[in-house]
1. Does the stretch 64-71 contain any residue that is at pLDDT below 85 and either closer than 18 Å to LEU96 by Cα or in a helix (DSSP H, G or I) (or both)?
2. Pairs only if they're at least six apart or on different chains, beta carbon under 7 angstrom, first in the stretch 40-57 and touching a residue at least 24 places away in the same chain (Cβ under 8 Å), second open to solvent by less than 40 Å² (accessible area, probe 1.4 Å) and not in a helix (DSSP H, G or I); list them, first residue then second.
3. I need the full set of residues from the stretch 72-83 which are in a helix (DSSP H, G or I), loosely packed, with under 15 Cβ neighbours inside 10 Å and without any contact (Cβ under 8 Å) to a residue 24 or more places away in the chain, in order please.
4. Quick one: is ALA43 touching a Leu at 6+ places or on another chain (Cβ under 9 Å), among the aliphatic types (A, V, I, L, M), open to solvent by less than 50 Å² (accessible area, probe 1.4 Å) and modelled with pLDDT of 90 or more?
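The values are calculated or read from the model by the stated rules, or taken from the named source; none is laboratory data. Quantities reported herein were computed from a predicted structural model and do not represent experimental measurements. Virtual Cβ from ideal backbone geometry, glycine too; neighbours counted across all protein chains shown. Ligands, DNA and RNA are stripped out before the accessible areas are found, and what is left, the full protein with its side chains, is counted by its heavy atoms. Shrake-Rupley method; radii C 1.70, N 1.55, O 1.52, S 1.80 Å.
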Amino acid sequence: MSFSRSSLSLSASWAASSWLGRAGTPLRLMAQHHGTGPIPLAAAHAASGLYLLLDVIAASQDAVAQGDVDTLAAHAEQLEAAWEALETAIGNTDILLNMLKSVGL
């Protein structure tokens, strides 16, 4: 059985997106609690950002190769949301790193 590159990538993107959605659920639930530290928050935001990126990949797989700007433009909001989630993940990671630096670690 042979697969084209696009069908294999689309299948892999869908599988990763599905897995990431399930894996991210406990992180999102944990992040809702007031006392949650910066690392679970960073992980929850990173999972959300990656989930959004995988959805865009699945929805616009062939658009890049074909130069289909309209399809890509339709996903601009998702890409912006992914960027914001990943930026927030980095910010939460920086919080912990700065805390560790402040105590000499």
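1. Yes.
2. VAL56/HIS75
3. Scanning the stretch 72-83 gives ALA73, ALA76, GLU77, GLU80.
4. In short, no.
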